[in-house]
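Chemist: Could you have a look at this structure, given as structure tokens, before my questions?
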């Protein structure tokens, strides 16, 4: 059972946004290797069409990334599911930092599964829209900040888990420093033409174990605010 389930009113949809469309997406995620049933259930019940422009609603439950403006995208549902289950595999983290709020979709998925989500977005208009969606969905366990994501959220560190939703050549050192000694970080790393999803786990002694999970494609991780 998810920790903070969305209210039933959030599940309404019809046609290409109906529960049947969401069920098909959930089945596809399972077919393509997502194993954590908690994650599948949350994605099935999260109204992805609320996070994109109405003109794209008919594609909301396709397993594909979609544009959200400002040169950004809402991630492919399979990638959201894979990153989320990678964070949860060794236990439910109490406090998660997300770098790159974007549409707010990944934060909403996480917020149904963990006690507290902190999310940072550099583009003010995207953050304003995401905050409105958080309120509409009745989620009170998401805190958000307009800032340079490469700086993390030092005032609230350390975090049990950190997730980055944009790709750089390396994990920003200031972000990695905010991971707890036994925490888990999941992020895409690499150039625009070749990116890999990695997971970093702290061993509790100040060292990290890194593993490669799969090939991915994300927008670039940028600094500054806009």
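Chemist: Where does each of 40-52, 95-107 land if you order them by average Cβ count within 10 Å, highest first?
Modeler: Working: 40-52: 20.5, 95-107: 25.5.
So the order, starting with the most tightly packed, is 95-107, 40-52.
Chemist: Subtracting the Cα-Cα distance from 0.36 nm times the residue separation, let me have the gained length for residue 143 to residue 14 in nm, one decimal.
Modeler: Details: separation 129, 0.36 × 129 = 46.44 nm, distance 3.08 nm.
43.4 nm is the gain from fully extending residue 143 to residue 14.
Chemist: Here's a follow-up. Using r as the Cβ-Cβ distance of residue 125 and residue 193, and R0 as 41 Å, what FRET efficiency do you calculate, to the nearest 0.05?
Modeler: On the way: r = 29 Å, r/R0 = 0.70.
Once rounded, the FRET efficiency stands at 0.90.
Chemist: So, by mean Cβ neighbours within 10 angstrom, what's the order for 173-182, 79-88, 155-164, 197-206 with the highest one leading? Don't skip to the end; give the middle numbers.
Modeler: Numbers: 173-182: 16.5, 79-88: 23.2, 155-164: 20.6, 197-206: 15.0.
Those peptides, ordered most packed to least, come out 79-88, 155-164, 173-182, 197-206.
Chemist: Take 128, 122, 145 and order them by how many other Cβ atoms sit within 10 Å, fewest up front. Please list the in-between numbers first.
Modeler: Values: 128 12, 122 24, 145 18.
Taking fewest neighbouring Cβ atoms as first place, the list is 128, 145, 122.
Chemist: Taking 0.36 nm per intervening residue step and subtracting the Cα-Cα distance, what contour gain separates residue 222 from residue 182 on full extension?
Modeler: 11.7 nm
Chemist: Taking each pair of different alpha-carbon atoms in region 181-226 once, compute 1/r for the pair, average those values, and report the inverse of that mean as the Kirkwood hydrodynamic radius in Å to one decimal. Don't jump to the answer; show the numbers that get you there.
Modeler: Working: mean 1/r = 0.0841 Å⁻¹.
After inverting the pairwise mean of 1/r, the radius is 11.9 Å.
Chemist: Where is the GNM fluctuation largest for the chain (alpha-carbon springs, 10 angstrom cutoff): 152, 71, 33?
Modeler: Most flexible of the set in this elastic network: 71.
Chemist: Which of 165, 119, 73 moves the most in a Gaussian network model of the chain with Cα springs under 10 Å?
Modeler: 73
Chemist: Now for a different question. Multiply the residue separation of residue 28 and residue 170 by 0.36 nm, subtract the distance between their alpha-carbon atoms, and state the gained length in nm to one decimal. Can you show the working numbers first?
Modeler: Values: separation 142, 0.36 × 142 = 51.12 nm, distance 3.13 nm.
Taking 0.36 nm per residue and subtracting the Cα distance, the gain is 48.0 nm.
Chemist: Give, to the nearest whole percent, the P(r) tail of the chain beyond 27 angstrom, counting all Cα pairs.
Modeler: On the way: 6559 of 25425 pairs.
That fraction is 26 percent.
Chemist: Would you mind giving the average projected area, over all directions, of the Cα convex hull of region 6-135 in nm² with one decimal?
Modeler: Values: hull surface 29.8 nm².
Mean orientational projected area (region 6-135, Cα hull): 7.5 nm².
Computed from the coordinates by the stated procedures, all read-outs in this text should not be read as laboratory data. Worth saying up front: this structure is predicted, and the values here are computed from it rather than measured. For neighbour counting, all protein chains shown are included, and Cβ atoms are generated from backbone atoms with ideal geometry for every residue, glycine included.
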